[in-house]
Amino acid sequence: MPRIACLQISASETAEEAAELAVGLAKLALDKGASVLCLPEYCGGLQTSGTQFSPPVFAEEIHPLVMKMQDFATRFKVWILVGSVAVVGQTSVTITEVY
């Protein structure tokens, strides 16, 4: 039976900072025997400007959080569910709900 960990992180200003926080919590969960890791929505960062909120946007193949989590999953042989990150497509920006 797999052990599932829900990693609750606060939204960071940058995707790089969010990735470092997620990796730190993922390591703690791994140490406690988790094999499935779940991250919340906007785990790839959330920027504010006045009353407006917007996530940092990257192409999927270079998104800092996606890249770090893919590397972590491969290295430690765990499954990771990424709540949502913003990726740029050919014609628009998409908030991807699950990875």
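The values are calculated or read from the model by the stated rules, or taken from the named source; none is laboratory data. Only a predicted model underlies this, so the values are computations on that prediction, with no experimental measurement involved. Methodologically, a virtual Cβ is constructed for each residue, glycine included, from the backbone with ideal geometry; neighbour enumeration extends over all protein chains shown.
Just a few scattered comments:
- Figure legend. Inter-residue proximity from the range 33-48: first residues closer than 10 Å to Ile4 by Cβ, second residues at pLDDT below 95 and of a type in the set (Val, Ile, Thr), beta-carbon distance below 9 Å, spacing 6+ or different chains. Indicated pairs: Cys38/Val82.
- Only a single item in (1) part of a helix (DSSP H, G or I); (2) of a type in the set (Gly, Ala, Ser); (3) at pLDDT below 95 is not met by Ala86, and it is number (1).
- The set of residues from the range 26-40 being within 15 Å of Gly83 (Cα to Cα) and surrounded by 15 or more Cβ atoms within 10 Å (Cβ to Cβ) comprises Ala26, Leu37, Cys38, Leu39, Pro40.
- Residues being touching a residue at least 24 places away in the same chain (Cβ under 8 Å), part of a loop (DSSP other than H, G, I, E, B) and either over 19 Å from Val87 (Cα atoms) or touching a His at 6+ places or on another chain (Cβ under 7 Å) (or both) - total across the range 2-25: 5
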